[in-house]
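The next block holds one structure in the form of structure tokens; read it before the comments.
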Amino acid sequence: MPSTIVVGGFFGDEGKGKIIAYLALADRPAIVARGGVGPNAGHSVEFHGKKYGLRMVPSGFVYEDARLLIGAGVLVNPEVFLEEVEMLGVEKRVGVDFRCGIIEKHHIEADRGDARLKDKIGTTGTGCGPANAERALRKIKQAKDVEVLKPFLCDVPAEINAALTEGKSVLVEGTQGFGISLFYGTYPYVTSKDTTASQIAADVGLGPTRVNEVIVVFKAFPTRVGAGPFRTEMSEEESKALGIEEYGTVTGRKRRIGRWDGEMARYAAMINGATQIAITGIDRIDSACRGVTEFEKLSEKAKRFVERVEQDVGVPVTLISTGPELDEIIDLREAAENKE
Ligand code: GTP
Ligand code: IMP
Ligand code: MG
């Protein structure tokens with residue numbers, strides 16, 4: 001499909017990084033553009049035996065012919081950005097919108113020094129909240145004002161819309177998740193911006209009429225980091241007994257683990273305008289499913305879970321992730337197209 005937005009349906013860390021990297025390799029988009037808040041996000045990508053935790057560069061970097069863009073809505077920490085660009089060797093194909101907001105030292109200090117943010121809400125301490133507040137007050141520096149970013153500056157909406165007009169495809173990656181949206185999440189235990197598909201489209205300058213597909217990613221067992229309500233949360237004993245333990249990509253904090261929440265998933269899919277669903281961590285429903293690449297080879301238990309997800313949400317499940325590696329996935333998209 002010409003333009004596809006991928007977003008998180010629970011509290012972030014649903015495995016968007018893995019899904020986006022897989023889609024980039026499978027669909028070969030001309031552009032992969034990142035929306036979302038900023039370097040508070042950590043997308044994990046496991047590729048050729050290596051693990052990456054990406055905070056600024058789009059996870060679609062794994063497809064070497066894609067142009068990699070950071071949309072104007074995103075906050076950029078130049079240090080984190082330059083480090084990642086060097087580590088990945090993507091300097092020739094990465095671009096930063098000249099209007100991106102810039103995170104400076106004082107934003108990080110304000111984030112970490114404020115007990116309400118740090119302890120009550122449990123922010124990532126990456127300066128995003130204070131920087132977005134300053135952006136709203138129209139005091140923030142933009143990417144065009146930062147010398148070291150000059151070689152990367154570009155007009156992201158112009159590039160994306162031109163590519164679509166030429167019939168090329170564009171993959172747009174969201175960060176965070178529905179439950180921590182500033183508008184729709186568990187306020188005040190939320191991030192500093194909306195996180196739904198409409199916001200992600202605005203972040204990269206894609207108008208609503210040019211969005212073709214919205215894939216909402218849900219993990220079989222949702223997780224949450226930081227404080228805030230989590231109505232299907234399990235006790236530590238329960239999650240341990242299931243063999244689930246996760247740590248944050250950015251902060252290293254232990255993630256809280258919960259059970260599938262069909263009601264939340266349905267509501268998230270509605271506001272995101274989901275056209276497809278991706279499920280990650282099906283190997284946690286049944287470890288026998290680890291690495292499976294064909295739907296028929298899933299266990300009955302896993303198949304029943306997928307059916308339940310479709311019933312709860314009312315949108316077809318088209319991607320099923322069976323492990324963290326990129327090739328551990330069942331892609332039902334063609335099958336879904338043929339059904340129509
Ligand atoms: P944010 O943008 O920060 O919200 O992150 P994200 O959605 O990209 O997710 P993140 O990579 O932070 O966390 C997902 C974790 O689950 C990572 O450790 C992935 O490697 C792992 N993961 C992804 N898919 C699967 C899967 O199908 N099975 C298992 N067991 N782990 C998975
Ligand atoms: P902030 O975005 O750093 O201000 O943090 C606000 C809340 O959102 C905290 O509960 C964080 O743990 C959470 N949060 C922010 N970004 C992410 C993410 O990418 N994954 C998961 N949780 C996040
Ligand atoms: Mg993450």
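The values are calculated or read from the model by the stated rules, or taken from the named source; none is laboratory data. None of the values given here were measured: they were computed from a predicted structure. We place every Cβ from the backbone using ideal geometry, glycine too, and count neighbours over all the protein chains shown. Calculation scope for accessible area: heavy atoms of the full protein, side chains included, ligands and nucleic acids excluded. Shrake-Rupley method; radii C 1.70, N 1.55, O 1.52, S 1.80 Å.
Summary of computed values
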| read-out | value |
| --- | --- |
| Residue count, the range 83-105 (criterion: open to solvent by 60 Å² or more (accessible area, probe 1.4 Å) and in a helix (DSSP H, G or I)) | 4 |
| Selection within the range 226-236 - surrounded by 19 or more Cβ atoms within 10 Å (Cβ to Cβ) and at pLDDT below 95 | G226 |
| Sole residue being surrounded by fewer than 24 Cβ atoms within 10 Å (Cβ to Cβ) and either within 22 Å of the chain's Cα centre (by Cα) or more than 16 Å from ligand 1 (Cβ to nearest atom) (or both), chosen from G177, G167 | G167 |
| Per-region count, the range 33-67, residues within 11 Å of ligand 2 (Cβ to nearest atom) and charged (D, E, K, R) | 1 |
| Subset of the range 133-154 that is of a type in the set (D, E, K, R) and either within 16 Å of ligand 2 (Cβ to nearest atom) or touching a Phe, Trp or Tyr at 6+ places or on another chain (Cβ under 7 Å) (or both) - its residue that is nearest to R28 (Cα to Cα) | K144 |
| Selection count, the range 2-38, where residues are at positive phi and either more than 9 Å from ligand 1 (Cβ to nearest atom) or over 11 Å from the mean Cα position of the chain (by Cα) (or both) | 2 |
| Number of positions in the range 16-37 that are charged (D, E, K, R) and within 25 Å of T123 (Cα to Cα) | 3 |
| Matching entry among T318, T249, T280 (being within 16 Å of ligand 2 (Cβ to nearest atom), touching a residue at least 60 places away in the same chain (Cβ under 8 Å) and within 26 Å of N212 (Cα to Cα)) | T280 |
| Unique match (being in a helix (DSSP H, G or I), more than 14 Å from ligand 3 (Cβ to nearest atom) and either among the small types (G, A, S) or modelled with pLDDT under 95 (or both)) among G60, G73 | G60 |
| Residue within the range 281-291 that is touching a Cys at 6+ places or on another chain (Cβ under 6 Å) and aliphatic (A, V, I, L, M) present | yes |
| Scope the range 52-82; condition open to solvent by 30 Å² or more (accessible area, probe 1.4 Å) and closer than 18 Å to A131 by Cβ; matching residues | R55, E79, L82 |
| Residues being open to solvent by 20 Å² or more (accessible area, probe 1.4 Å) and either in a helix (DSSP H, G or I) or of a type in the set (A, V, I, L, M) (or both) - total across the range 1-31 | 6 |
| Sole residue being under 30 Å from T232 (Cβ atoms), aliphatic (A, V, I, L, M) and touching a residue at least 40 places away in the same chain (Cβ under 8 Å), chosen from I160, I121, I103 | I121 |
| Boolean, T223 is polar (S, T, N, Q), open to solvent by 10 Å² or more (accessible area, probe 1.4 Å) and more than 29 Å from P29 (Cα to Cα) | no |
| Scan of the range 180-219 for residues that are in a loop (DSSP other than H, G, I, E, B) and within 16 Å of the chain's Cα centre (by Cα), ordered by number | S181, L182, G185, V190, T191, S192, K193, D194, T195, T196 |
| The range 245-302, subset of a type in the set (S, T, N, Q) and closer than 26 Å to S235 by Cα, residue farthest from the chain's Cα centre (by Cα) | S287 |
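This table checks each residue for (1) charged (D, E, K, R); (2) within 12 Å of ligand 3 (Cβ to nearest atom); (3) touching a His at 6+ places or on another chain (Cβ under 7 Å).
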residue	(1), (2), (3)
S3	no, no, no
V6	no, no, no
F10	no, yes, no
E14	yes, yes, no
K18	yes, yes, no
L23	no, no, no
A30	no, no, no
G35	no, no, no
P39	no, yes, no
